[in-house]
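Worksheet for the structure shown next.
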Amino acid sequence: MSLYDNIGLKYNAVKYTPWGRLELFNFKKHIQPLLTKPNTNVLDLGCGTGFYTELLAEWGATTVTAVDVSTTMLAGAKARIRNSRYASIVEFFQRDGLKPTVYGPKPQSYDLIAGVWFLNYAKDFKELVCMFSTIRKNLRHGGVFVGVCMHPVEDVYNFIIHHNSKVWAMTGLEDIYQDRLPGDAGFVFKAVFHPPKDVRFGQTIEFEAYHLKKSLYEAAARLAGLQGNLEWQHCEFPDNLRGELGLNFDALDVQFFVVK
Ligand SMILES: C[S@@+](CC[C@H](N)C(=O)[O-])C[C@H]1O[C@@H](n2cnc3c(N)ncnc32)[C@H](O)[C@@H]1O
């Protein structure tokens, strides 16, 4: 039984928060240009209810392989795609991304791998290496992994005490930091999403995940054998959303992780 089996389709509410729109804006900005080439086969790790699985197909993927450990989340993804025009190009696997598995017809079959809030389910360095090994086994030479992760900081405690949780709350996300992880690896945090009240999925959604320090991500990617450029991209806050929320400063600090 996975944590997300109790969440299932309720998770879709997250995408209706301003925070969800911020995530979409930034993920699209980084991944869509990589989908313009013909024959782009994409692996979507931690696909959840298939929100991005469908969009990856819409944005130009030739095929999408969607993987999630949770039966309930995957059932939501299957239902979404079954009712879309992409049913013939998407396949699903219920698998644990911590167990490095080859998904394509042969190792390293994918041009592009997406992991939107996937790596933050590694609770320590060892699990992070396992997740990057899954990526490594499936990413073709010269391919790109694009992940969405927690803020890349070396001192997570210092980040927690200084980051502006009020701003995040305005986007619909309350992040509550909990226990420190062994070996100073980072912290457990709880994400609590408050969807707008006028949305039909209007329940609060909660789940726990891990915020590991930046150097562990970088070292794990290398140890798993990813050798290309490794870039942390800043989250851009589009003007319309900034205006809507009444924000008058720049710093929102979700980051995007790109390995080529
Ligand atoms: C926050 S949701 C994100 C879903 C989707 N990527 C999105 O952005 O809409 C995280 C997803 O990762 C999945 N997940 C967590 N740990 C996993 C693992 N070890 N292997 C595969 N999927 C995992 C969860 O079941 C959940 O569906």
*By the scheme Lys and Arg +1, Asp and Glu -1, what is the net charge of all other residues having a beta-carbon under 12 Å from that of Y121?*
-4
*Please figure out what share of the DSSP beta bridges in the chain is antiparallel and state it in percent, rounded to the nearest 5.*
55 percent
*Report, ordered by chain and residue number, the lysines lying within cross-link reach of K37, taken as a straight Cα distance under 17 Å and ignoring same-chain residues fewer than 8 apart.*
K28, K29, K260
*asked:* Given a 10 angstrom Cα cut-off, can you work out which residue in L230, L119, L56 is the most mobile in a GNM of the chain?
replied: L230
*Could you compute the FRET efficiency for A87 and K190, with r as their C-beta to C-beta distance and R0 at 41 Å, rounded to 0.05?*
0.70
*Just D239, D175, D124 to compare: in a GNM of the chain, with alpha carbon springs under 10 Å, which one fluctuates most?*
D239
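Mind checking the per residue accessible area of region 58-150 for me, 1.4 Å probe, whole number of Å²?
43 Å²
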*Solvent-accessible area, 1.4 Å probe, carbon plus sulfur percent, for region 98-181*: 55 percent
*For the pairs K15/K214; K78/K137; K166/K213; K126/K214, note any where the Cα-Cα span goes beyond 20 Å.*
K15/K214; K78/K137; K166/K213
*Percentage of Cα-Cα pair distances in region 1-74 greater than 22 Å, rounded to whole percent?*
26 percent
_Between L245 and V102, what's the calculated FRET efficiency when r is the beta-carbon distance and R0 is 35 Å? Round to 0.05._
0.20
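Give me Rg/Rg_expected for region 138-215, where Rg uses Cα atoms only and Rg_expected = 2.2 N^0.38 Å with N residues.
Details: Rg = 15.5 Å, N = 78, 2.2 N^0.38 = 11.5 Å.
Cα Rg divided by the expected 2.2 N^0.38 Å: 1.34.
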*Please sort through the DSSP H helices of the chain and keep those with an alpha-carbon extent of at least 15 Å along the long axis and a Kyte-Doolittle average not below 0.0.*
71-82, 125-138
*Just how far, in whole angstrom, is region 19-88 from region 133-166 if you go by their alpha carbon centroids?*
19 Å
*Using the Cα atoms as the points, what is the convex hull volume per residue of region 103-252 in Å³?*
142 Å³
*For the chain, state what percent of all Cα-Cα pairs lands in each successive 10 Å bin, counting from 0 Å until the bin that includes the largest distance.*
7, 31, 39, 20, 3
*Which residue fluctuates the most in the chain, going by a Gaussian network model with Cα springs under 10 Å, if the choices are I176, I31, I113?*
I176
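Based on the Cβ-Cβ distance of D155 and L3, what FRET efficiency does E = 1/(1 + (r/R0)^6) give at R0 = 22 Å, to the nearest 0.05? Each step should come with its number before you reach the end.
Working: r = 27 Å, r/R0 = 1.24.
Efficiency computed from Cβ-Cβ geometry: 0.20.
Counting only other residues whose beta carbon sits under 11 Å from that of S133, what net charge do I get with K and R as +1, D and E as -1?
Working: positive: K99, K126, R136, K137; negative: E127.
Net charge in that neighbourhood comes out at +3.
The values are calculated or read from the model by the stated rules, or taken from the named source; none is laboratory data. The structure displayed is predicted, hence computed values, not measured ones. Neighbour counts are summed over all protein chains in view; Cβ atoms, including those assigned to glycine, are modelled from backbone coordinates with ideal geometry. Surface accessibility is based on the protein's heavy atoms, side chains included, excluding ligands, DNA and RNA. Shrake-Rupley method; radii C 1.70, N 1.55, O 1.52, S 1.80 Å.
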